[in-house]
Protein chains: 2
Amino acid sequence: MRRRFSERPLKVELRGRMTEQTSRTELSALGEFGLIDRIASRVQLQNASSIKGIGDDAAVIDPQGLHHVVTTDMLVEGVHFDLGYVPLKHLGYKAVVVNLSDVYAMNATPKQITVAIALSNRFPVEAVDELYEGIQLACTHYGVDLVGGDTCSSPSGLVISVTAIGSAAMEDIVYRSGAKDNDLLLVSGDLGGAYMGLQVLEREKAVFKETGAQPDLVGHDYILERQLKPEARKDIVGLLRTLGVKPTSMIDVSDGLASEALHLAHNSGLGVRIYDEKMPIDPSTYQTARDFNLDPTTCALNGGEDYELLFTIAQADYEKIKANPSLTVIGHMTDKASGCLLVDKQGGLHELRAQGWDAFLRK
Amino acid sequence: MRRRFSERPLKVELRGRMTEQTSRTELSALGEFGLIDRIASRVQLQNASSIKGIGDDAAVIDPQGLHHVVTTDMLVEGVHFDLGYVPLKHLGYKAVVVNLSDVYAMNATPKQITVAIALSNRFPVEAVDELYEGIQLACTHYGVDLVGGDTCSSPSGLVISVTAIGSAAMEDIVYRSGAKDNDLLLVSGDLGGAYMGLQVLEREKAVFKETGAQPDLVGHDYILERQLKPEARKDIVGLLRTLGVKPTSMIDVSDGLASEALHLAHNSGLGVRIYDEKMPIDPSTYQTARDFNLDPTTCALNGGEDYELLFTIAQADYEKIKANPSLTVIGHMTDKASGCLLVDKQGGLHELRAQGWDAFLRK
């Protein structure tokens, strides 16, 4: 169930300061309009629905007879990412991917994004180039057009806000609220890897701070990629369409499996049961969790940032999906009165709780 | 040409710290999902095109056979606003309005917005309530639905990113690039007021810092409102439609008249001529500029944040608009070789330069 790797493994290097570019051009030398022109000159619109991109008061989109889905996510330096070890190119890529993941979770196809960034003068033009390189790589990979946005100054940290727009026929859109009693609960790929990647990076950062030693990341390629360069499950949406399966409800796993399963249950007015032994965890995630004295199941339930798709299907559709290595049945929906439960390997029942990432509790 | 006032004048009070609310509930007591529920519970969708609002992975919009326009603007504390004197309610209102202004500048009707905010723990829940009160006031006033967004933590300042989505028939959309040689150049309302309002607020802030004295803002109601609670020119778009005039090009005045006129000229491949004596400046803007030893024309040309509409019309349409007190003809387009010029009151010619606000030069 492991996803494909990039063509070449990620190269992660810890940096005392993220602005150690070899050449440095001040943003003030370009100015805001100069920067926008620089970004715009590298954008090639690829969708026929993108009538007008960067360069006017607003972008213009032709819905082509479909409905639109719209989603926004903001990433803040020091909260969502640490430029001590996150390469700006990966950050740009990830900022787009987390939004596209929301579009796929509606069973829609992303078509356009806008990107607003606030950044301080400590970032040179070269850093902005690197960030947009990642943004554009994601655009190319997912067939999405960068059609607008905003660039502005920030007193300190970097903030990126991406809005993604997708399209779908009204009848194809899948909400969180459509699950039925007895529907099967499935998840794509595997869980907990991004969280364990973060743990490794944080550990190596602490070592680097103390000793200045570059990190030993051998053998952690998979979980580092899960954290630093996640992908949105475009392939799963395509696969389900090919198999002739329309999920009854769907959500993407950003805050952790437990939190998302509770969303599906609550929004559908149901209960849910998840089986510990069914949970897909990659061996490298499992081993790293053990090395950190963490319970792999807890990491999978509450780690978050997996950007997998969690969805329900009617039991009648089971035959269509059962042999697929990208999909795992991890439980089923129940009536509301039965509650939201985790079934452990001994058959014991535990109330499912969302202990996932919470923006305001974490700090 | 002065716009209507609010029902009651603005009350501006300087604050040493913006967080001096009478009651204080910590954000951590609500958590991210609690905060989203709190916001969502106050939202009433008003547009039939808003199929699904807050509460799923993405909002769903029915284009109803029209094209969509999309625009994003980000406001950053310490760069775009100073919470020492900007009430949070006004800030929320303004964050929406600056985006709607871009939608109107496309000759489209705004229908939905998403709002992403990053805020630190120094903000209590009451402060967030105040901010969203302003956002919702703008939504109600402009007939727009808040359909989604993101709330997250910030290490220090407040950041607001708004994306506005509007709709229009393809043939009604007006770009910056459609002006023709000899077209008349018009602007709505008056210019320079928001900039002078900012000067007054900055002056009074300096006095407050030194002496603790609350500001003397008597007689500055109009320019303060222009700065703190601007409106987008929905009425002008409606008026032009009623008059049967479709602008050949249009832009909103956010960075200053000079900057925007240059955009229209460059994007249309033309030159432009603006007449100093024609520029609409409110008497209170004029007088305050004089009191500050500033040239009122310079304030109007480069002040920015007026959120008026600057547009061109064919000469043949002049009869339809000439008697209207909300519109002023301030110049005309020329061929490109004639350049972009300001004609002073003595008939002298000066090259038009954009000295407007530049995010990266200002700091």
Practice prompt. Answer yes or no as to whether B:Val86 is over 19 Å from A:Gly53 (Cα atoms) and within 14 Å of chain A (Cβ to nearest Cβ).
Written response: no
Item to complete: Could you list, in sequence order, all residues of region B:23-42 that are more than 10 Å from chain A (Cβ to nearest Cβ) and touching a helix residue (DSSP H, G or I) at 6+ places or on another chain (Cβ under 7 Å)?
Response: B:Ser23, B:Arg24, B:Thr25, B:Arg38, B:Ile39, B:Arg42
Item to complete: State whether the residues of region A:271-291 include one that is at pLDDT 95 or above, among the small types (Gly, Ala, Ser), closer than 19 Å to A:Ser101 by Cβ and in a helix (DSSP H, G or I).
Response: no
Practice prompt. Kindly check whether there is at least one residue in region B:105-112 that is free of Cβ contacts under 8 Å to residues at least 60 places away in the same chain and in a loop (DSSP other than H, G, I, E, B).
Written response: no
Worksheet item: Is it the case that B:Val237 is β-branched (Val, Ile, Thr), within 14 Å of chain A (Cβ to nearest Cβ), more than 16 Å from B:Ile313 (Cβ to Cβ) and within 24 Å of the chain's Cα centre (by Cα)?
Response: no
Fill in: Scope region B:320-354; condition within 19 Å of B:Gly303 (Cβ to Cβ) and surrounded by 14 or more Cβ atoms within 10 Å (Cβ to Cβ); matching residues
B:Thr328, B:Ile330, B:Gly331, B:Cys340, B:Leu342, B:Leu352, B:Ala354
Worksheet entry | Members of region B:240-254 that are over 9 Å from the mean Cα position of the chain (by Cα) and either of a type in the set (Gly, Ala, Ser) or over 17 Å from B:Leu100 (Cβ atoms) (or both) | B:Thr242, B:Leu243, B:Gly244, B:Val245, B:Lys246, B:Pro247, B:Thr248, B:Ser249
Worksheet entry | Residue among B:Ala300, B:Ala323, B:Ala232, B:Ala261 that is in a loop (DSSP other than H, G, I, E, B), among the small types (Gly, Ala, Ser), in the same structural domain as B:Leu349 (by TED's automatic domain parsing) and touching a residue at least 60 places away in the same chain (Cβ under 8 Å) | B:Ala232
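Every residue, every condition in (1) in contact with a helix residue (DSSP H, G or I) (Cβ under 7 Å, 6 or more places away or on another chain); (2) within 14 Å of chain A (Cβ to nearest Cβ), yes or no:
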site	(1), (2)
B:Gly189	no, no
B:Leu201	yes, no
B:Gly212	no, no
B:Arg241	no, no
B:Ile251	yes, yes
B:His263	no, yes
B:Ile274	yes, no
Fill in: Residue check, B:Gln21 modelled with pLDDT of 85 or more and either touching an Asp or Glu at 6+ places or on another chain (Cβ under 7 Å) or not assigned by TED's automatic domain parsing to the domain that holds B:Gly84 (or both)
no
Fill in: Selection from region B:306-319 of residues that are assigned to a loop (DSSP other than H, G, I, E, B) and either on the phi < 0 side of the Ramachandran plot or surrounded by fewer than 24 Cβ atoms within 10 Å (Cβ to Cβ) (or both)
B:Asp306, B:Glu308, B:Ala314
Worksheet item: For A:Met196, which of the numbered conditions (1) of a type outside the set (S, T, N, Q); (2) away from chain B (no Cβ under 14 Å); (3) in a loop (DSSP other than H, G, I, E, B); (4) crowded, with 20+ Cβ neighbours inside 10 Å fails to hold?
Response: (3)
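The values are calculated or read from the model by the stated rules, or taken from the named source; none is laboratory data. Quick caveat, the model's predicted, so the values are computed rather than measured. Cβ sites come from the backbone with ideal geometry, for glycine too, and all protein chains shown count toward neighbours.
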